[in-house]
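The structure appears below as structure tokens.
The values are calculated or read from the model by the stated rules, or taken from the named source; none is laboratory data. Here the structure is a predicted model, which is why all the values come from computation and not from measurement. Every residue, glycine as well, gets a Cβ built from its backbone with ideal geometry; the counts of neighbours run over all protein chains shown. Side chains are part of the model used for accessible areas, which takes the heavy atoms of the whole protein and leaves out ligands, DNA and RNA. Shrake-Rupley method; radii C 1.70, N 1.55, O 1.52, S 1.80 Å.
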Amino acid sequence: MHSDEAGNLLRIYQQYFMVSNAAQFILKELHDKHVDLRRMYKHAVIQINDTHPTMVIPELIRILTEDKAMSMDDAISVVSKTCAYTNHTIMAEALEKWSADIIKEVVPRIYEIILQINEAFIGELYKKGMFKNDIDPMKIVAGDLIHMARLAIYCSTYVNGVAEIHTEILKKDALKEWYKLYPKKFQNKTNGIT
């Protein structure tokens, strides 16, 4: 195995281990407090600080659908109201992307859920009257790559930069297509939660 491939596999294992533990801890705490998980966003906010913890989104959806008998649509809706995303870079090449094959190898169920999220997103765009040429550059799963920032934006209630000027750059340049699509999501909050 090539060292880059081994390093990427290790990073996926580490990211998944950390977000899975966090997701399970949050859900257990909410369960212990008798919170209706369909309204968990009223009791918890999960701040996705850069793209590295983005796998918390499909992991929460996995737990809600498999262990809590929630429908996929309901789980996506609840998780999207619970998560918020802080973008740390305006450079597209620095936004985390993973090979679909690596995700499929390390966390096959998470890969399947990401595909389902991608299909829900595409369906939403078609309902908004968008066409294939507009949708293709925004897909969460595009070719052999999974775009973690796109996943975080779609499944978050708020999106922000690390400072007000950064949020404005995201809106006007780096993520302008997303801002046009979801203008209410883009709000400046220094490092997410004030």
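Please give, to one decimal in nm, the separation of the simple spin-label points placed at SER99 and LYS128, each 7 Å out from Cα toward the Cβ.
For SER99 paired with LYS128, the spin-label model returns 3.2 nm.
For the chain, what is the percent of antiparallel DSSP beta bridges, rounded to the nearest 5?
Details: 5 of 13 bridges.
Taking every DSSP beta bridge with both residues in the chain, the antiparallel ones total about 40 percent.
On average, how much accessible surface per residue is there in region 1-91, in Å², for a 1.4 Å probe, leaving out ligands, DNA and RNA? Spell out each step's value before the answer.
On the way: 4850 Å² over 91 residues.
Roughly 53 Å² per residue, with all protein chains present.
Using Cα pairs under 8 angstrom and six or more residues apart, how large is the relative contact order of the chain, in percent?
23
Of TYR16, VAL56, ASN160, which is farthest along the charge dipole of the chain in the positive direction, counting Lys and Arg as +1 and Asp and Glu as -1 at C-beta?
ASN160
Using the C-alpha atoms of region 104-194, what convex hull volume per residue, in cubic angstrom, is computed? Before the final figure, lay out each step's value.
Details: hull volume 9.9 nm³, N = 91.
Output value, Cα hull per residue: 109 Å³.
With the cut-off at 1.5 for a/c, could you classify region 83-145 from its C-alpha gyration tensor as rounded, prolate or oblate?
oblate
Report, ordered by chain and residue number, the aspartates and glutamates lying within cross-link reach of LYS28, taken as a straight Cα distance under 13 Å and ignoring same-chain residues fewer than 8 apart.
Hits, sequence-local ones excluded: ASP36, ASP67.
Would you list, by chain and number, the lysines whose Cα falls below 16 Å from the Cα of LYS172, excluding same-chain residues fewer than 8 positions away?
Within reach: LYS180, LYS184, LYS185.
Dipole size in debye (nearest 20) for the chain around its Cα centre, Lys and Arg Cβ +1, Asp and Glu Cβ -1? Walk me through the numbers before you get to the answer.
Numbers: 24 positive and 25 negative charges, 165 e Å.
Magnitude of the dipole: close to 800 debye.
Which of the pairs LYS128/LYS176; LYS81/LYS171; LYS33/LYS128; LYS68/LYS171; LYS81/LYS189; LYS139/LYS171 have their Cα atoms more than 28 Å apart in this structure?
Where the Cα-Cα span goes over 28 Å, the pairs concerned are LYS33/LYS128; LYS68/LYS171.
For the chain, which whole-number percentage of the solvent-accessible area (1.4 Å probe, protein heavy atoms only) is attributable to carbon and sulfur atoms? Spell out each step's value before the answer.
Details: 5500 of 10120 Å².
For the chain, the apolar C and S fraction of the accessible surface comes to 54 percent.
In debye, nearest 20: dipole of region 102-194 around its Cα centre with unit charges on the Cβ of K, R (+) and D, E (-)?
For this selection, approximately 300 debye.
Scan (i) 1.35; (ii) 2.29; (iii) 1.00 for the value of Cα Rg over 2.2 N^0.38 Å calculated from this model and give just the label.
Working out Cα Rg over 2.2 N^0.38 Å from the coordinates points to (iii).
Run the helix sum for the chain: -39,500 (n - 2.57) per DSSP H stretch of 4+ residues, divided by residue count, reported at 222 nm to the nearest 500 deg cm²/dmol.
-16000 deg cm²/dmol
So what is log10(I(q)/I(0)) for region 32-120 at q = 0.23 1/Å, when the Debye sum runs over its Cα atoms only?
-1.24
Whole angstrom only: what separates the Cα centroid of region 89-133 from the Cα centroid of region 143-194?
Centre-to-centre (Cα) distance: 16 Å.
What does the highest-first list of 46-56, 10-20, 139-149 look like by mean Cβ count within 10 Å?
Values: 46-56: 21.7, 10-20: 15.7, 139-149: 19.1.
Going by the mean number of other Cβ atoms within 10 Å, highest first, we get 46-56, 139-149, 10-20.
Note down the net charge around ALA142, summing +1 for each Lys or Arg and -1 for each Asp or Glu among other residues with Cβ under 10 Å from its Cβ.
+1
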